[in-house]
Amino acid sequence: MSQDHRLVVTIDGAAGTGKTSVARELARRLGTDCLDTGAMYRAVAVIAVDQGVAPSDGKKLAALVTEQGIRFDWSQSPPPILLAGKDISVRIRDLDVSAVVSVVAEQSEIRKVLVEQQRKISQDHPTLVTEGRDQGSVVFPDAAAQFYLEAAMEERTKRRLLQLQESGTNTDALTVENDITSRDKIDSSREDSPLTCPSSAIVIDTSDKTMLEVVDIMERVVREHLATLDHA
Ligand code: DC
């Protein structure tokens, strides 16, 4: 890909729709960096759990995030997330962190700080694939390509369970499905930046598709867009 274009690709969708793996593969194919914004909300949830702060105390958590600093180590791919310089990439996936992260993500003070950081990251990484819930709708409404992923609940549960088991977490399908259902409810009904499909997003149902098939569709769209820029 020619590096003189500024290129932001957004991928939004609910938990377990496959955003993280497709975003990483798409970024690899395009030779860009990949931003997991859910990891940033999870890092704030780690502060809440480990430092004994109520997940609903947006003001205090926003101050602590600013003070302690969330960073990604861009020298690695995918980049580990660091809190106060410490790698917390594994800790952010723990169930006690997942259990409070939606409440953390409801807090406007926290969203404000993290959205600012996400826009700053895009300035430092002019070509970026970024995934989350509000990347196309709120953070990068002018992104070159926007995607919105959907998947059936059964499939989402299966994927999340496998992901957790692979990282050594001992859990079962019912616990995972309950976690997804309750997070869906909070993520879609919160006042600030609820999960919505951006009006110009391409919607992909990933239920019956492999990760590589989904990325093939996305890559085609992005390369077509780049070709029109090359000919402009
Ligand atoms: O994608 P994930 O499960 O790692 O996201 C963790 C939580 O953060 C989830 O409850 C939704 C929230 N989130 C958000 O509100 N906005 C984003 N851009 C990314 C995640």
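No value in this document is a laboratory result; all are computed from the given coordinates. The structure displayed is predicted, hence computed values, not measured ones. Cβ: placed from backbone, ideal geometry, glycine included. Neighbour counts: every protein chain shown.
Quick rundown of the values:
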{"item": "Ascending count of other beta-carbon atoms within 10 Å, so fewest first, for VAL215, VAL100, VAL203", "result": "VAL203, VAL100, VAL215"}
{"item": "Neighbour-count order for LEU128, LEU35, LEU83, fewest beta carbons within 10 angstrom listed first", "result": "LEU83, LEU128, LEU35"}
{"item": "Cα-based reach from LYS19 at 18 Å (exclusive), listing lysines while leaving out same-chain residues under 8 positions away", "result": "LYS158, LYS209"}
{"item": "Ascending count of other beta-carbon atoms within 10 Å, so fewest first, for ASP87, ASP124", "result": "ASP124, ASP87"}
{"item": "Charged-residue dipole, Cβ positions (Lys, Arg, Asp, Glu), the chain about Cα centre, Debye nearest 20", "result": "360 debye"}
{"item": "Label point distance in nm, ARG223-SER56, each placed 7 Å from Cα along Cα→Cβ", "result": "5.0 nm"}
{"item": "Label point distance in nm, TRP74-THR210, each placed 7 Å from Cα along Cα→Cβ", "result": "3.3 nm"}
{"item": "Under 16 Å from the Cα of LYS59 - lysines, other chains or at least 8 residues apart", "result": "LYS112"}
{"item": "Gyration tensor verdict on the stretch 117-201 (Cα atoms; rounded if a/c is under 1.5, prolate if a/b is larger than b/c, oblate otherwise)", "result": "prolate"}
